[in-house]
1. How long is the gain from VAL512 to PHE397 if the chain were fully straight, where each residue apart is worth 0.36 nm and the alpha carbon distance is subtracted?
2. Which pairs in the list LYS89/LYS286; LYS89/LYS439; LYS484/LYS515 are over 21 Å apart, alpha-carbon to alpha-carbon?
3. Using a Förster radius of 60 Å, what is the FRET efficiency between MET412 and LEU193 based on their Cβ-Cβ separation? Nearest 0.05, please.
4. By how many nm would the segment from VAL281 to ASN224 grow when fully extended, if each residue of separation counts as 0.36 nm and the alpha-carbon distance is taken off?
5. Report the local net charge at ILE149: Lys and Arg +1, Asp and Glu -1, summed over other residues whose C-beta lies under 13 Å from its C-beta.
6. When the chain is fully extended, how far beyond the present Cα-Cα distance does LEU464 get from MET442, taking 0.36 nm per residue of separation?
7. Among residues other than THR351 whose Cβ falls under 12 Å from its Cβ, what is the net charge (Lys/Arg +1, Asp/Glu -1)?
8. Please identify which residues in region 81-97 have an amide N closer than 13 Å to a label point set 7 Å out from the Cα of LEU302, following the Cα→Cβ vector.
Amino acid sequence: MIYNFKVTPPWNGWSAVRAFSFFCVLLPFMALAGGIFSPAGEYWSYVRDHLLPAYFAETLLLAAGAGISTLFLGVSLAWFMSMYDFRGKNFFEVMLVLPLAIPPYIAAYAYDGLFGYTGMIQSFFRDTFGLQPVRLTANIPAQAWGIWIFSVTLFPYVYLLTRAALRNQSAALFENALLLGGGRIRMFLRIGLPLVWPAAAAGAILVCLEVLNDFGVSAYYGLNTFTTAIFAAWFGMGDADTAVKLALILLALVFVVLLVRKAAHSARRYHIVSSREKRVVPRRVKGPPQAGILLLCGLACLAGFVTPLLQMLYWLRLSWDGAFTSELTHAVTYTLGISAAATLLVMIAATGTVNAGRLFSGGFSVLLSQGATIGYAVPSAVLAIGVISLFVGADNFLSVCFPFLPDRFLSMGGIMLIFAYGIRFFTIGYQTIEAGFAKTGMIYTEASRTLGRSVTGTFFLVDLPMIRHALISGSALVFIDILKELPLALLLRPFNTETLGTTTYHFAKNEVLEKTALPSLCIVLAGTIFILLMQFWEKKKAGHVSGN
């Protein structure tokens, strides 16, 4: 007989890890909340009276535009890839995910270099036809460029979630619609779209959160968003109180977006009630339908991955002499080291939190586990301001209690950046580990406990080997996102220290776009390798399951 050992949590090591993770996430926001009561300065009065409406309009326009465009593109691609079989499908299954390896700010630099006066397109017209075209991007609004960049690099969020939802649907629903004479377009609008709407909406909300978090694209195109306003107040005006107030407004805007996501997810829910339901079998297409699908998939891959990559390789050829410097070597070493340290921190904390949640039940247990996952929804600029406030306060306290310690040793070192990375990307590690434990269940854990093994002994001897694939996948995802992160690195990196992201940003800010090639390619190459390995791994597991 197998006993259920899930009880109200005692105070032990596992519950301590979970509580510690929760309070680490909570502390920066508690420090940030103190800014509500700080006195308003002259700059804040000016921002409130003259600039705040523009910040709202620009931020909401970018988020809504990117969310809607990725919704259309991601759902269309997921529908064609799930419902149809065509030549080259296996190739596009991999390629349509690779835009996630291109950070939006790197894509912005690439597109500006491509269409700029010295770019390949205008140079081609001048050299080939003797034409002197005006700058092609001059008449395109910066907001349109921003929406384009976000759309072509972030659509895989919608595509992946929508495709996963379609894979879990019953083929009988679509077959019955066709038998009733509805036609394939009507079947998509009346059956397919309502079925995948919760997943597609969740993907679009993730895109909106990424847009709210962005700094690189908005700063490069000179857009007045809340994130750029926070940086302007902090660095440009040296006004910490205004930066904190803008961060709190942006945080409130994020919570509104999350409420919309909750409403979209709860409005419609569909479930397959039988495990014997037949899955969707893709329909083979040829001729013009196949050409149309190939054109759409090809354009998405070209715009989101191939074009930025080719532009970066072209710049690398131009800047090859002198590209490898000691500063770049230090940036690579520092980025890899701090990313590995933050990834290790995230995975240890996430594993301990998830394991405590599955072993010990209760409302308070759920609160601690779920409360620790709010960091990913919070824009990096907001989180950075909270972390700075927390660490400066901690340094002030330590300087009074322990005067022998080095001055500002917490806020001037890499600890602050690792701490912020841990809070921001804890959710990714938590969700992958939770998914891994969900597949294994509790039966092996309970069997080990029944045989007299302790909770910790059971974890290391039974549970940990069974979730090793989730650990590897989660570590890869966290590592990729840390490599791509820009706002946290700009605000929290130690003095006179650069990451690959900040190195790229400073070259672009100084309008030396060719110099961005090598650090950008380092980021893209690392992300591409991890994504390809995960794609190969998923295909291998899917083939193993279908074979069994």
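1. Stretched fully, the VAL512-PHE397 segment lengthens by 37.1 nm.
2. Table pairs above 21 Å Cα-Cα are LYS89/LYS439.
3. Here the calculated transfer efficiency is 0.70.
4. 15.8 nm
5. Around ILE149, the surrounding residues sum to -3.
6. Computed gain between LEU464 and MET442 is 6.6 nm.
7. Charge balance near THR351 sits at +1.
8. So the set is empty, nothing qualifies.
Each reported figure results from applying straightforward, stated rules to the coordinates on display, with no laboratory input. No experiment lies behind these values; they were computed from the predicted model shown. When we count neighbours, we look across all protein chains shown, and the Cβ atoms used for this are built from the backbone with ideal geometry, even at glycine.
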